[in-house]
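Engineer: So that we are looking at the same thing, I have put the structure below in structure tokens.
Here, each number is a calculation from the coordinates, and none is a lab measurement. Nothing here was measured: the structure is a model prediction, and the numbers come from that model. Note that each Cβ is placed from the backbone with ideal geometry, even for glycine, and that neighbours are counted across all protein chains shown.
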């Protein structure tokens, strides 16, 4: 099962994300917002550590659903106002790699968990 990336000529072609994704009709998993917490529930220190861990947590949920990052059609990344977005991006990329998908990054006043600086959710198809 393959997705199709949309990068219209009149829009900037980013090496990090695609402007849109066409996903075939399939079962879908909606990954709830993942924080930069470890398996004990502890929030890690700093945006880099939290971003990388949040992305690892997303990948764990995808694996539990029988899918992987190659089937993600949309990522949403929520960063607390004032954090270094470039540091967070570099840390998530160290886990995510160079896979392109549709991405939205939002700056927030805060998250429900004290100390959380980043939250990532995803939508992915589950291959047959």
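Engineer: Can you show me the helix-derived [θ] at 222 nm for the chain, built from DSSP H runs with n ≥ 4 at -39,500 (n - 2.57) apiece and divided by the number of residues, rounded to the nearest 500.
Structural biologist: On the way: 2 runs with 30 residues, N = 128.
Per the formula, -7500 deg cm²/dmol.
Engineer: Who wins for biggest fluctuation among 35, 44, 11 in a Gaussian network model of the chain, springs between alpha carbons below 10 Å?
Structural biologist: Answer for the Gaussian network model of the chain: 11.
Engineer: Can you tell which of 113, 100, 56 shows the greatest fluctuation in a Gaussian network model of the chain with Cα springs below 10 Å?
Structural biologist: Greatest mean-square fluctuation among the candidates belongs to 113.
Engineer: Let me ask something else. Sort 77, 123 so that the residue with the fewest other Cβ atoms within 10 Å of its own Cβ comes first and the one with the most comes last. If you can, show how the numbers build up before the last one.
Structural biologist: Details: 77 21, 123 18.
By the 10 Å Cβ count, ascending, the order reads 123, 77.
Engineer: Could you work out how far the C-alpha centroid of segment 62-76 sits from that of segment 1-61, in angstrom?
Structural biologist: With segment 62-76 and segment 1-61 each reduced to a Cα centre, they are spaced 8 Å.
Engineer: Just to be sure I understand, if you calculate P(r) over Cα pairs in 10 Å bins from 0, in percent for this structure, which of (1) 14, 39, 30, 13, 3, 0; (2) 14, 49, 33, 4, 0; (3) 13, 44, 32, 10, 0 do you get?
Structural biologist: This structure yields the entry labelled (3).
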